[in-house]
Amino acid sequence: MAKPKSTFVCQNCGNVTSRWQGKCEACGEWNTIVEENAAGGIGGGPQRGSLRKGKPVALMPLSGELEEAPRIRTRIAEFDRATGGGIVRGSAILIGGDPGIGKSTLLMQAAAGLSRAGHKVVYVSGEEAVAQVRLRAQRLQAAETDVQLMAETNVEDILATLAQERRPDLVIIDSIQTLWSDMADSAPGTVTQVRSGVQSLVRYAKSSGAAVILVGHVTKDGQIAGPRVVEHMVDAVLYFEGEGGHHFRILRTVKNRFGPTDEIGVFEMSDIGLREVANPSELFLGERNSKAPGAAVFAGMEGTRPVLVEIQALVAPTSLGTPRRAVVGWDGARLAMVLAVLEAHCGVRLGSHDVYLNVAGGYRISEPAADLAVAAALVSSLSGVALPPDCVYFGEISLSGAVRPVAHAAQRMKEAEKLGFAQSVLPQLSDGQRMRDGVAHEIESLPHLAAAVAGSGRRRDEARSLDYDS
Ligand code: TYD
Ligand code: MG
């Protein structure tokens, strides 16, 4: 009998080589290559041996009958928002996140919600024993629902069990790292096993019409452990994120074949599970000290929803040869750009200052529209003058110092007004965008920012003296 051929698979990117190497040629990671058995075809390409002749399959038209309503709602509005209006039948969704962030909690609550609405849900736990899952369900007041539980890690056994019963509407697999399949020969948790398990489950979802949610752990550099290929195999990828020490969690869509990818769902972890946060701005602005210099409120957008967050800057004389630039919650390269524009066009010298930038509440911003708020926070911290407490900032800064318009200006202003911010500093608006209420300081370029800040500050002083009189 021929010796079984083994291959070497990178556990980071899934690249296959014929011999062991210290460094993966494909992704450049060190010590990620593990020997795996190629028998079974997975990881080593299609199974060789008896060559099967293909058999023809029927071709189908695009129009045709849909079996049922394509989406099922979990009754957790924030979850449904992130998935684009509910879970699509027959789809596979991957939810990634750090261990302990609350993935199992979220999915147990979603399972309970669906079950209460009369859907059949099967929860497959590979990490925790039945008793542990029950305990959590009790804490989440989900124990009385009809969610069915299975503590199993073998893919073939899971699929055989599911085939026996009435087809479920949703199957939750917690987590893919514990899956193993008879078809792949390597140890559980390796790329080959994870990939083969996910493949079988995705196939099951497509053929049966049951939705499958897969839980995946995230490695320390923030990717779902195992190869990226798992992300390509599923219909939607969501990340469940949160900052250590903060109670709120964000469910963020990074891929969605059936909906938008820029929606987020916001939750707060409490002692009876995750609570939905319908108005995130209030949460992120909750502990604001509006009189401190260096803080600017940014009117941002997350998908279709405006979100107000506070950006804090600290500019302090440095004692080091090279000043420090530290950013939490924003892009370091963007900060460098804003600093360069401030130096070049506004005469703000920061070369001998350390700069720290923080987005309050552990929130993460990816929009370039935050440039203007960052610049305002930096100028405010450097000059020691607090910005007006009732003002929001948004706008993209170009290298020439011009302030460029951003999308959804009216929506941002409306949200700001709703939360009591009477003024906004923003790029120039078109006529249709102007609003009757509130003061909009439209600025053309960054040097105008200081003037706008000073102007709105004067108005604030008047307001304050009125306050004192009364
Ligand atoms: P869990 O859902 O087990 O995380 P994951 O599946 O992502 O690893 O949640 C773990 C954390 O959540 C744990 O530290 C305890 C906390 N928690 C609460 O604060 N309240 C609750 O009601 C529950 C169920 C968990
Ligand atoms: Mg878990």
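The values are calculated or read from the model by the stated rules, or taken from the named source; none is laboratory data. A quick note: this is a predicted structure, and the numbers were derived from the prediction, not measured. Note that we place each Cβ from the backbone using ideal geometry, even for glycine, and neighbour counts take in every protein chain shown. All accessible areas refer to the heavy atoms of the entire protein, side chains included, with ligands and DNA or RNA removed. Shrake-Rupley method; radii C 1.70, N 1.55, O 1.52, S 1.80 Å.
Computed quantities for the displayed model
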{"item": "Set Ala131, Ala151: member being out of contact with any helix residue (DSSP H, G or I) (no Cβ under 7 Å at 6 or more places or on another chain), open to solvent by 30 Å² or more (accessible area, probe 1.4 Å) and within 16 Å of ligand 1 (Cβ to nearest atom)", "result": "Ala131"}
{"item": "Test set (1) exposed (fewer than 15 other Cβ atoms within 10 Å of the Cβ); (2) under 31 Å from the mean Cα position of the chain (by Cα); (3) modelled with pLDDT under 90 - Ser430 fails condition number", "result": "(2)"}
{"item": "Flag if Val215 is within 16 Å of ligand 1 (Cβ to nearest atom), crowded, with 24+ Cβ neighbours inside 10 Å and either hydrophobic (A, V, I, L, M, F, W, C) or assigned to a helix (DSSP H, G or I) (or both)", "result": "yes"}
{"item": "Options Thr304, Thr318; residue that is in contact (Cβ under 8 Å) with a residue 40 or more places away in the chain and among the β-branched types (Val, Ile, Thr)", "result": "Thr304"}
{"item": "Residues within region 68-85 that are of a type in the set (S, T, N, Q) and surrounded by fewer than 22 Cβ atoms within 10 Å (Cβ to Cβ), tallied", "result": "0"}
{"item": "Condition check for Thr190: away from ligand 1 (no atom under 12 Å from the Cβ), in contact (Cβ under 8 Å) with a residue 40 or more places away in the chain and among the hydroxyl-bearing types (Ser, Thr, Tyr)", "result": "yes"}
{"item": "Verdict on Ala377 being part of a helix (DSSP H, G or I) and of a type outside the set (Phe, Trp, Tyr)", "result": "yes"}
{"item": "Count of residues meeting criterion [at negative phi, open to solvent by less than 10 Å² (accessible area, probe 1.4 Å) and away from ligand 1 (no atom under 16 Å from the Cβ)] in region 86-103", "result": "3"}
{"item": "Enumeration of residues in region 260-291 that are in contact (Cβ under 8 Å) with a residue 60 or more places away in the chain, open to solvent by 30 Å² or more (accessible area, probe 1.4 Å) and more than 16 Å from ligand 1 (Cβ to nearest atom)", "result": "Pro260, Ala278, Glu282, Leu283, Gly286, Glu287, Arg288, Ser290, Lys291"}
{"item": "Residue list for region 163-184, restricted to those being over 30 Å from Arg116 (Cβ atoms) and either open to solvent by less than 50 Å² (accessible area, probe 1.4 Å) or within 16 Å of ligand 1 (Cβ to nearest atom) (or both)", "result": "Ser181, Ala184"}
{"item": "Filter result for the condition that a residue is touching a strand residue (DSSP E or B) at 6+ places or on another chain (Cβ under 8 Å), at pLDDT below 90 and farther than 30 Å from Gly265 by Cβ, over Leu314, Leu350, Leu339", "result": "Leu350"}
{"item": "Selected residue [hydrophobic (A, V, I, L, M, F, W, C), open to solvent by 10 Å² or more (accessible area, probe 1.4 Å) and under 31 Å from the mean Cα position of the chain (by Cα)] from Val348, Val403, Val374, Val385", "result": "Val403"}
{"item": "Candidates Ala160, Ala187 - the one that is open to solvent by 30 Å² or more (accessible area, probe 1.4 Å) and modelled with pLDDT under 90", "result": "Ala187"}
{"item": "Filter result (modelled with pLDDT of 85 or more, closer than 19 Å to Glu367 by Cβ and crowded, with 16+ Cβ neighbours inside 10 Å) within region 243-255", "result": "Ile250, Leu251, Arg252, Thr253"}
{"item": "Selection within region 353-370 - in contact with a Leu (Cβ under 9 Å, 6 or more places away or on another chain) and either at pLDDT 90 or above or open to solvent by 40 Å² or more (accessible area, probe 1.4 Å) (or both)", "result": "His353, Asp354, Val355, Tyr356, Leu357, Asn358"}
{"item": "One residue from Pro227, Pro260, Pro280 being over 30 Å from Arg167 (Cβ atoms) and modelled with pLDDT under 85", "result": "Pro280"}
{"item": "Filter result (outside any helix (DSSP H, G or I), more than 21 Å from Val218 (Cβ to Cβ) and polar (S, T, N, Q)) within region 242-289", "result": "Ser270, Asn279, Asn289"}
